[in-house]
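Reviewing the structure listed below.
Please treat every number below as a calculation from the coordinates, not as lab data. Bear in mind the structure is a predicted one, so any value in this text is a computation, not a measurement. Note that we place each Cβ from the backbone using ideal geometry, even for glycine, and neighbour counts take in every protein chain shown.
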Amino acid sequence: MSKFKINRFWSVVITILVIYGIVKLVIPAVSREITALPFPLTVPGTLVFIYMTLTVVALFLLVTFSDEFMKEFVGPIRGMLRGEYTKAFRAVVLVVVPLVIGWQVYDITVPKIQLPSSLRIQHPSSNFPKKFESLKNPFTQPTDARVDAFIKQAKDNEITLIPQVMKDIEVWAEETDPDHMLQFLPFEPVKKLLAEIEADKVSKETAKAALHEIDLFEGRALYAMNCRPCHGDSVAGDGPMADGFKLRPINFTDNGTIETIVEGYTFWRVMNGGPGLPTEATPWDSAMPEWKISLTDEERWKIILAEYDLAEKTPRIPESE
Ligand code: HEC
């Protein structure tokens, strides 16, 4: 009984192809299943290089393990060189292989055209959809309806904040047993509102100011959860992860960053991150993540409200106004 046995030369070729296929196709496909994102997560080029180098080293060790293995491996190569698979095939291989290798070497060594770094445009607006330009942050000026609803909820002590902070507030409420849930936010306008509720004389102005404090509080909480690692507590682009990037996270307190753009542009920028920027924003690609999937529109607007507030800046006013 003879066992099916594949020649060592072809097993080496097939192993390399299979491992390349796993790294290039299977890992991204599996990562997509696991993360449920609408796109596959590709393996970075340097990692592909490391995996493939390790594969080649392992195969080299295997082939050179014994004279017998070595002989089997070089068999087909020797056969090809001797013209055993027809002379025409040999001629094709001897022409194509040097051409492919030569082209690769040429491609790697030929000087590439690179933009000087100073030409990088930080706020490329060429593919910035114009409909974003006139967008307004709905939390800057709350509508009357929203303020009225808030007054009612505040009177009934039935305020609910975003779920991301509610847990902490519930723990706090259990520990301190407060008269009113809003005591969690010790800001002047909120204190004033609580006093007015006590006296049953709530003014719209006070309620509006208190509501603004709440929006800012929620925005700061969302900022701390999502943006702080890069942009830092002080919004100066000095978060714990900031040093890891060649293109540092933006310092929002700097003149010439978020102050020079309309808030609709900031909103679009936070939505699409570095991957959404056009080619003018190269040669270094920004590590700024895309937030359109993991944050809702409302959450992004609240963060932007807090971001401008923390940086003590105001957005640029659109030309149309
Ligand atoms: C992984 C790090 C990282 C995280 C997390 C991150 N950013 Fe960024 N962000 C960057 C980098 C790097 C830049 C610089 C891009 C540039 O110069 O074009 C940037 C740029 C920006 C800009 C553009 C500013 C301008 O003037 O054009 C805004 C706005 C911004 N980030 C907001 C946010 C918000 C809001 C969050 C949280 C929801 C966030 N970022 C989270 C890395 C990050």
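Could you list the trypsin sites (Lys or Arg not before Pro) in segment 111-206 that lie in coil according to DSSP, counting only those with at most 13 other Cβ atoms within 10 Å of their Cβ?
Listed in order of number, the matching sites are Lys112, Lys201.
Rounded to whole Hz and in sequence order, give me ³J(HN,Hα) for segment 128-142 from the Karplus expression 6.51 cos²θ - 1.76 cosθ + 1.60, θ = phi - 60°, writing x for Gly and Pro.
Each residue's phi maps through the Karplus curve to give 7, x, 4, 5, 7, 4, 9, 5, 10, 6, x, 8, 5, 10, x Hz.
Among Gly276, Gly232, Gly256, which one shows the highest mean-square fluctuation when the chain is modelled as a Gaussian network with alpha-carbon springs under 10 Å?
Among Gly276, Gly232, Gly256, the largest GNM mean-square fluctuation belongs to Gly256.
Taking chymotrypsin sites (Phe, Trp or Tyr not before Pro) that fall in a DSSP loop and have at most 13 other Cβ atoms within 10 Å as cut points, what is the longest piece of the chain between them? List each step's numbers first, then the result.
Values: sites that count: Phe4, Phe65, Tyr85, Trp284.
Free of exposed loop sites, the longest segment is 86-283.
Within segment 40-113, report the GluC sites (Glu not before Pro) that DSSP leaves as loop and that have at most 15 other Cβ atoms within 10 Å.
Sites meeting the loop and neighbour criteria: Glu84.
Cα-Cα pairs above 27 Å in segment 123-311: how many percent? Kindly include the intermediate steps, with their values, before the conclusion.
On the way: 6407 of 17766 pairs.
Roughly 36 percent, once rounded to a whole number.
Under 5 Å between amide H atoms, partner at least 5 residues away or on a different chain: which partners does Arg316 have, H built in plane at 1.01 Å?
HN-HN under 5 Å from Arg316: Ile261, Val262, Glu263.
Compare Met70, Met166, Met241 in a GNM of the chain, Cα atoms joined below 10 Å, and give the one with the largest fluctuation.
Met70
What are the ³J(HN,Hα) values, in whole Hz, obtained from phi via the Karplus relation 6.51 cos²θ - 1.76 cosθ + 1.60 with θ = phi - 60°, for each residue of segment 81-90 in sequence order, with x given for Gly and Pro?
Per-residue couplings from phi come out as 5, 7, x, 6, 9, 6, 6, 4, 4, 4 Hz.
For segment 97-110, just list the computed ³J(HN,Hα) in residue order, Karplus coefficients 6.51, -1.76 and 1.60, θ = phi - 60°, integers in Hz, with x standing in for Gly and Pro.
So the J values, rounded to whole Hz, are 4, x, 5, 5, 5, x, 5, 4, 4, 4, 4, 6, 8, 5.
Please state the charge dipole magnitude for the chain, taken about the Cα centre, from unit charges on C-beta atoms (+1 on K and R, -1 on D and E), reported in debye and rounded to the nearest 20. Please report the intermediate quantities before stating the final value.
Numbers: 34 positive and 42 negative charges, 564 e Å.
Result for the chain is approximately 2700 debye, rounded to the nearest 20.
With every atom except the alpha carbons ignored, what do you get for Rg and Dmax of segment 194-284, in angstroms?
So, for segment 194-284, Rg and Dmax equal 18.1, 61 Å respectively.
Beyond a 29 Å Cα-Cα separation, which of these cross-linked pairs lie in this structure: Lys24/Lys246; Lys167/Lys313; Lys136/Lys201; Lys167/Lys292; Lys131/Lys152; Lys167/Lys246?
Numbers: Lys24/Lys246 26 Å; Lys167/Lys313 31 Å; Lys136/Lys201 32 Å; Lys167/Lys292 25 Å; Lys131/Lys152 35 Å; Lys167/Lys246 37 Å.
Exceeds cut-off: Lys167/Lys313; Lys136/Lys201; Lys131/Lys152; Lys167/Lys246.
Kirkwood Rh over alpha-carbon pairs of segment 8-109, then Stokes-Einstein at 37 °C and 0.692 mPa s: what D in µm² s⁻¹, rounded to an integer? Write out the running numbers ahead of the final one.
Working: Rh = 16.4 Å.
Roughly 200 µm²/s, to the nearest whole number.
Among Ser320, Ser203, rank each residue by its count of other Cβ atoms within 10 Å, from fewest to most, as a rough exposure measure. Write out the running numbers ahead of the final one.
Numbers: Ser320 7, Ser203 12.
Least to most surrounded, the residues fall as Ser320, Ser203.
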